[in-house]
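Working notes, structure below.
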Amino acid sequence: MMDSDQAVAEVAPFRAKRVVAPPVSNAAPDAQYWSIQMSAVSAQRDRASFMRIYDHFAPRLQRYLRNLGVPESMADELVQEALLTLWRKAAMFDPARASLATWLYRVARNLYIDHVRRQPHWLPIQEGLDRIDHVESARLDSQPESSFDQDILKQAIDRLPPVQAKLVRMCYLESKSHSEISAELQMPLGSVKSSLRRAFAKLQVSMRAPR
Amino acid sequence: MTPNHHLDDATVLSYSAGALPAALAVVASVHLERCAACRTRLLDADQIGGVLLQQQRVDTPAEDARAAMLVLLDAEPAVEPPAPPADIVEEHDPDRLPSALHPWFGNSMRALRWRRVAPGVQRILASGIGGGDLMLLRIAPGSKLPLHSHGGNELTMILDGAYDDMLGHFGPGDVADLDGETNHQPVTSPGVPCICVAATDAPLVFSGWVARTLQPLFGF
Ligand SMILES: [Zn+2]
């Protein structure tokens with residue numbers, strides 16, 4: 001899709017030499033690829049790696065926020081804010097727990113709830129939950145191995161029955177509450193919730209599937 | 001203590017999606033703060049968000065946006081700011097309210113200013129939350145609440161004391177995550193008052209003659 005190494009090298013040639021990332025192949029970058037970029041960002045403050053993450057995720061974050069109805073200029077600002085958060089907190093990223101896509105999804109969602117939905121207490125609460133999780137995983141002897149494969153989950157999402165797929169998208173990509181979905185689709189609230197439950201159960205099975 | 005009654009899967013999904021009405025999200029957060037099982041399910045739900053983010057169809061970023069990002073990086077301090085000190089929480093301080101409630105009710109159980117709304121029932125309503133109603137309820141021990149069903153979603157978490165209804169026994173940390181199809185009649189346990197935090201996203205619909213009795217209780 002994109003190979004921005006050259007552009008980055010022009011901006012920061014002395015840093016480009018230290019890039020530890022593997023050569024970019026034609027295949028879509030996987031979770032391990034992003035994990036390597038993240039270690040370069042956190043350990044060496046490597047801008048080339050950062051810009052690879054930027055080139056891939058900034059447009060996606062932008063599209064996600066625009067779909068939620070965020071005005072373009074604010075979406076631009078929130079995307080920058082999300083990527084700056086990544087730059088500052090790269091050391092907090094734990095690939096054993098979640099993929100980079102998931103980590104950035106959380107950051108963007110939190111910014112959306114804070115700035116657009118104006119729930120000023122959401123961010124500190126999420127930081128609190130993060131801290132609890134960090135304390136907990138530090139206490140465990142061995143990191144739980146992430147048995148989760150994004151491709152399998154992606155396929156499972158694509159295989160959801162149409163109604164369940166629609167409800168999941170209305171939740172995540174339009175940020176609609178159960179009651180709003182119920183009103184919009186003229187579907188009883190109980191049916192909205194049970195469809196979402198069934199969809200979640202299926203997707204969870206796919207996340208636990210042996211590789 | 002590990003809770004026995006948890007958030008509904010549909011609630012976890014909406015919480016992750018940022019789609020839960022604000023009042024319900026506060027109660028869900030209170031439960032998540034003390035329930036590792038629900039935090040694990042929340043991570044699953046976040047992974048779905050991550051994949052949906054990946055699937056967004058997009059163009060290559062504009063050169064000027066990339067340049068603007070690099071300018072912002074230049075402005076960042078070279079050394080990472082130190083992480084904020086971890087919140088020191090006295091684990092077993094019975095007076096301390098869960099942190100997700102502090103913005104709405106302060107941090108001390110003792111300092112709460114209850115208002116009687118029905119015999120044996122006291123309440124504090126959070127103001128200005130938008131997106132549903134959030135309240136603390138204090139119900140005298142051994143009380144039988146009138147039979148009621150719910151017009152929308154209702155999420156309740158016990159902070160102290162306990163109650164029983166057709167769904168089982170609910171003690172501290174347990175949540176009742178109910179929708180319009182549940183018709184229940186909680187009976188609080190003897191001994192101490194049952195204190196819980198409750199949120200609704202729609203006015204409660206009461207069955208039969210009890211409607212008038214409960215109107216002052218829930219403020220409709
Ligand atoms: Zn739970």
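The values are calculated or read from the model by the stated rules, or taken from the named source; none is laboratory data. What you see is a predicted model, and the numbers here were worked out from it, not measured in a lab. No Cβ is skipped: glycine too gets one built from the backbone with ideal geometry, and neighbour counts run over all protein chains shown.
Structural remarks
- Looking across A:Met74, A:Met2, one residue alone is over 14 Å from B:Leu70 (Cβ atoms), at pLDDT 85 or above and surrounded by fewer than 23 Cβ atoms within 10 Å (Cβ to Cβ). It is A:Met74.
- Applying the set (1) within 14 Å of the ligand (Cβ to nearest atom); (2) closer than 23 Å to A:Val116 by Cα to B:Leu24 leaves exactly one unmet item: (1).
- Just one of the listed residues (B:Ala62, B:Ala37) is away from the ligand (no atom under 16 Å from the Cβ) and surrounded by fewer than 16 Cβ atoms within 10 Å (Cβ to Cβ), namely B:Ala62.
Residue-by-condition table, conditions (1) more than 7 Å from chain B (Cβ to nearest Cβ); (2) under 30 Å from B:Ala126 (Cβ atoms); (3) small (Gly, Ala, Ser):
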{"residue": "A:Glu72", "(1), (2), (3)": "yes, no, no"}
{"residue": "A:Asp94", "(1), (2), (3)": "yes, no, no"}
{"residue": "A:Ser99", "(1), (2), (3)": "no, no, yes"}
{"residue": "A:Asn110", "(1), (2), (3)": "yes, yes, no"}
{"residue": "A:Leu123", "(1), (2), (3)": "yes, yes, no"}
{"residue": "A:Ala138", "(1), (2), (3)": "yes, no, yes"}
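- Enumerated helices (runs of 4 or more DSSP H) restricted to the stretch B:4-78, each holding at least 1 residues that are among the polar types (S, T, N, Q): B:9-17, B:22-34, B:36-54
- Members of the stretch B:10-21 that are within 13 Å of the ligand (Cβ to nearest atom) and at the interface with chain A (Cβ under 8 Å from one of its Cβ atoms): B:Val12
- Some residue of the stretch B:30-50 being modelled with pLDDT of 90 or more and farther than 30 Å from A:Ser194 by Cβ: no
- Taken over the stretch B:124-173, the criterion of being surrounded by fewer than 19 Cβ atoms within 10 Å (Cβ to Cβ), within 16 Å of the ligand (Cβ to nearest atom) and modelled with pLDDT of 90 or more is satisfied by B:Gly168, B:His169, B:Gly171, B:Pro172.
- Test: residue in the stretch A:111-134 that is exposed (fewer than 14 other Cβ atoms within 10 Å of the Cβ), in contact (Cβ under 8 Å) with a residue 24 or more places away in the chain and among the hydroxyl-bearing types (Ser, Thr, Tyr): no
- Residue in the stretch A:136-159 that is surrounded by fewer than 14 Cβ atoms within 10 Å (Cβ to Cβ) and β-branched (Val, Ile, Thr) present: no
- Residue check, A:Tyr64 touching a residue at least 60 places away in the same chain (Cβ under 8 Å) and either part of a helix (DSSP H, G or I) or out of contact with any Pro (no Cβ under 8 Å at 6 or more places or on another chain) (or both): yes
- Residue among B:Leu53, B:Leu32, B:Leu7 that is within 16 Å of the ligand (Cβ to nearest atom) and facing another protein chain (nearest Cβ under 7 Å): B:Leu32
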